[in-house]
Structure formats: C-alpha cells, structure tokens
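Student: Got a structure here, written out as structure tokens. Questions coming.
The values are calculated or read from the model by the stated rules, or taken from the named source; none is laboratory data. These figures come from a predicted structure and were not determined experimentally. Please note: Cβ atoms are built from the backbone with ideal geometry, for glycine as well, and neighbour counts cover all protein chains shown. Surface areas here come from the heavy atoms of the whole protein model, side chains and all, with no ligands, DNA or RNA. Shrake-Rupley method; radii C 1.70, N 1.55, O 1.52, S 1.80 Å.
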Amino acid sequence: MARQPSSRPQATDGSLAFAEKLLSLLDTGSFTTSYKYALLIALFDATVEGTAADGAAPRSLHGRDLGRRVFELYWRQARPYSEAGPLRQSRQRDLVVKIGDLRRGLGLAEHVSLDAARATHPLAVGRLERELVATVVRYPIPLLQRFGASGTSVEDRFIYDVRWDDGISAGRIHRDDFDDRLHLVDGAGQHLIAIAGLARPVVEREWLRHVARRNPDHVDELRLEAFLFGSERVSLHAVREPLLALQNGTCFYCGGERGTWEVDHFLPWARWPDDRLDNLVVAHARCNNDKRAALAAIGHVERWWQRLLPGTRDDQQLQEASTRLAWPRRPDRTAGGARGLYLHQPAGTMLWAAPGQVEPLDPDRLRDLLQPASLAAEQRGSYGEE
Ligand SMILES: [Zn+2]
C-alpha cells in the first residue's frame, strides 16, 4: 500500500504525551466555573474545522471566534432543566445564568436556536454576545494552561501562546486593532485534531460531573455513575480505622491530625480500579477531593511504596488487617498498576502534591523508585484472593 504524501495530522507519540497533559490539566486545574471545559470543546471544534484542504492543521485561532463558539455551547445549556430553571454551573452569576435570564426575558421557547434568536432580537442577543466573548477572551483563554489552584498554579503553555492576560479590558477586546490570535504551539494543532475524537468525550464527561456536583437536587448522575462504574464507597468504611492506625492517626497526604476522614484510592479509581488494601489510604476529605483523579507526587509514592515492600512495618500491619477483615491484598498487582500508571507518563506531567499544588513528574526518580528489584512481593505467593 502506497503511503499518502500528505500532511494529514496523525496520532504520534507526541499526541499521546499531549493528551496526557490535557488529562492532567483536567485533574489538577482550577475549575470554579465551567468556562474552561467550554473553551476546550471550542478549541477542538475550531482546530478540526480549521484544517486546510491539504490536511494541515491551523497555526492560529481567534479568541473572539472561540468566544462565539462558547456562546453557542452555553445557549442550549441555559434552557430550563426543570421547574427550578437552568442548571447551575458555578456559584456566581455566570454566563449561563445571564443567557438563561435573556432567554426568559425575551420569552423564547426552549427549542429556539441562537441563530433564530439573533434574527428576531439582534440588539439584545448581540449585546450579551459581546459581553460573553469578552469574558471568554479575558479569563479562560489566558488562564486555561495553569496546573493547580489559582494562587499556586504552574503555567505551561503547551497548547497556545497569547499576547494578553486576564487584566485586559472588555473595551480593548472589541477594538478593531486588537490582535485576538491564539498562536498554536508547534505540533499542538495536529495533536488537537488527532486526539479530538478521544478527548472530547472525556472533557464533556468532566463538564457533566462538574454540573452534576453543583445540582445535587436535580441530577442523580453521580449516583448512576457510582452504580455502574464506581467503587462501593460505603464498604470502604471498614478499613478506615486500621488504615488510620497505620498512618499514626494522620492524613496520608498532608500529615494533618484532625479532620473529616475519607478512604482514598492512592492510584486513582478512575485510572485503575483497585480496591485492595494496599491501594487504600486515609486522607482529609479536603485533600481527597482536591486530588480527584490526579496521580500523587513522588514524595507520596515514596511513602506509599513502603507498604508494598515485604517485611516493612506497613506491610506487616496491612497483612494483619487483611487477615482480620478478610480484605484482599495483592501488593504485586498493585505495584504493577503503579508502574503502569506512572512509568508511561511523559516528563513534566503535573502530579498532585497538596491541595492546589502540583509538581512536574521526574521519570528518572520514578524509575529508580518503582524498580521491580525493590519489590520481592512477586515471589510471595497468594494473598487469599480469587
Ligand atoms: Zn490532609
């Protein structure tokens, strides 16, 4: 078969590393509103649609165009979901609330499209669109590529570069001479196109969870998810006390003493569903919720790895608890899961260190730490499971 001499974007190792970075952005970035999810979807769409006739990816995108795409995405979402009205997407009076108010104020029926509304009410729709476009250009665009919470975040412009920051005024954004281009980093356009099919549903899923969490009275999506794919959180209760004793009564991550305790999957459940004892740690609800599906930083891995080494105090206590509670252990498999998750991450992947804090992954340190030679558990035989 002849090779096509075209520059059509193809998935490469670079695309995988890019996708991993995007996932770690979802896991560790600050998402107080849903604007960044909307922007990511708009980025995928604009890049895919901007593909040239010869297949080449676009080199730049326009901020105002992305803003208009976000407006379209939110237009549908601002319909009433129930008698209580539209779903909340943040605690503020955000763009979705404003669109919902406009729809209600103009008396628009649910099915009325943005184009139809623009045709019948050009002034009112146009005014809101200008405001929304300015908000998207001012906030999510310059802030998207930050890992970690706003105060302590680390910026890595791995998708695009822009020449403004979140201090820009709405007036300037709408001036004719304002350069609203996002310059795509080398290769980023190709990667966005190559991964769009896989990554778009992941972003939508995170967005959906974001909305479900903010509307617990209306949406039982989280319950459905837990039912279909989730870990049985209630039953994890039984291991809390023995694990807390193993951790000397402190949070596994921050070492703090008092708090609301939760059992956390050290290797995130969403990436590696492992409920066996070695993968469970006790953490503050605050630490656990902030970590979400992120991989923990190497300092945490170092402490956690002690559990998997035969003969350590942690190993002995876990073995005792495992026997007493009839709770399975398979340190060899859990160690394999850790290697699978950590050793294939590209250098620079942001790992979760503490609430709002991330640090870049150091592959050499991880490889030294997770060596099979440091773990003789493979030869230890059965742990009474299966
Ligand atoms: Zn903590």
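Student: Report the Stokes-Einstein translational diffusion coefficient (µm² s⁻¹, integer) for segment 112-194, Rh taken as the Kirkwood radius over Cα pairs, at 25 °C with viscosity 0.890 mPa s.
Tutor: Taking Rh from Cα pairs, D becomes 164 µm²/s.
Student: Put +1 on the Cβ of each Lys and Arg and -1 on the Cβ of each Asp and Glu in the chain; which of 183, 319, 87 then has its Cα farthest toward the positive end of the dipole?
Tutor: The residue sitting farthest along the positive end of the dipole is 87.
Student: Given R₀ = 51 Å, FRET efficiency for residue 120-residue 302 by Cβ-Cβ distance, to 0.05?
Tutor: That gives a FRET efficiency of 0.20.
Student: Taking a 1.4 Å probe, which of 125, 219, 202 shows the most accessible area, and what order do the others take after it?
Tutor: 202, 219, 125
Student: Report the accessible area of residue 18, computed with a 1.4 Å probe over the heavy atoms of all protein chains in place, in Å² rounded to the nearest 10.
Tutor: Rounded to the nearest 10, the figure is 10 Å².
Student: Mean residue ellipticity at 222 nm from the helices of the chain, using -39,500 (n - 2.57) per DSSP H segment of n ≥ 4 over the full residue count, to the nearest 500 deg cm²/dmol?
Tutor: Per the formula, -14000 deg cm²/dmol.
Student: Quick one: pull the percent of accessible area on segment 117-167 belonging to carbon and sulfur, 1.4 Å probe, ligands and nucleic acids left out.
Tutor: Carbon plus sulfur share of accessible area: 50 percent.
Student: Follow-up. Suppose every K and R has +1 on its Cβ and every D and E has -1 on its Cβ; what is the size of the dipole of segment 160-264 about the Cα centre, in Debye to the nearest 20?
Tutor: 220 debye
Student: Label segment 230-380 by shape, choosing from rounded, prolate and oblate, from the square roots a ≥ b ≥ c of the eigenvalues of the Cα gyration tensor; if a/c is under 1.5 it is rounded, and otherwise prolate applies when a/b is larger than b/c, oblate when it is not.
Tutor: The shape class here is oblate.
Student: Evaluate the distance, in nm, between pseudo-label points positioned 7 Å from the Cα of residue 31 and of residue 368 along their respective Cα→Cβ axes.
Tutor: If labels sit at residue 31 and residue 368, their model points lie 3.5 nm apart.
Student: Something else about it: Tell me, what is the 1.4 Å probe accessible area of residue 260, in Å² to the nearest 10?
Tutor: Residue 260 has an accessible surface of roughly 100 Å² with all protein chains in place.
Student: Shifting gears a bit: Just by accessible area at a 1.4 angstrom probe, what is the order of 261, 164 from largest to smallest?
Tutor: So the residues, ranked largest to smallest area, are 261, 164.
Student: Something else: With charges set only on the Cβ (+1 for Lys and Arg, -1 for Asp and Glu), what does the dipole of segment 112-156 come to about its Cα centre, in debye to the nearest 20?
Tutor: In total the dipole reaches around 160 debye.
Student: State whether segment 166-317 is rounded, prolate or oblate according to the following rule on the C-alpha gyration tensor (a ≥ b ≥ c being the square roots of its eigenvalues): a/c under 1.5 gives rounded; otherwise a/b larger than b/c gives prolate, and the remaining case gives oblate.
Tutor: It is prolate, given that a/c is not under 1.5 and a/b is the larger ratio.
Student: Relative contact order (percent) for the chain, with alpha-carbon contacts under 8 angstrom and 6 or more residues of separation?
Tutor: 19 percent
Student: Show which lysines lie in cross-link reach of residue 98 when reach means a straight Cα distance below 21 angstrom and same-chain residues fewer than eight apart are skipped.
Tutor: List returned: 36.
Student: Efficiency by 1/(1 + (r/R0)^6): what FRET value for residue 257 and residue 56, r their Cβ-Cβ distance, R0 = 45 Å, to the nearest 0.05?
Tutor: That pair, residue 257 with residue 56, gives E of 0.20.
Student: Let me cross-check residue 277: its accessible surface, 1.4 Å probe, with only protein heavy atoms counted, in Å² to the nearest 10?
Tutor: Residue 277 exposes around 0 Å² with every protein chain in place.
Student: Once you charge only the Cβ atoms, +1 for Lys and Arg and -1 for Asp and Glu, what is the size of the charge dipole of the chain about its Cα centre, to the nearest 20 debye?
Tutor: Dipole size: approximately 720 debye.
Student: A further question follows. Can you list the GluC sites (Glu not before Pro) in segment 184-273 that are in a DSSP coil and have 14 or fewer other beta carbons within 10 angstrom?
Tutor: The qualifying sites are 232, 257.
Student: Under a GNM of the chain (C-alpha, springs under 10 Å), which listed residue has the highest mean-square fluctuation: 146, 93, 307?
Tutor: 93
Student: For residue 250 and residue 347, calculate 0.36 nm times their separation in residues minus their Cα-Cα distance, and state this gained length in nm to one decimal.
Tutor: Length gained, residue 250 through residue 347: 31.8 nm.
Student: Quick check: from the Cα gyration tensor, does the chain come out rounded (a/c under 1.5), prolate or oblate?
Tutor: Prolate shape, in that a/c is at least 1.5 and a/b is the bigger ratio.
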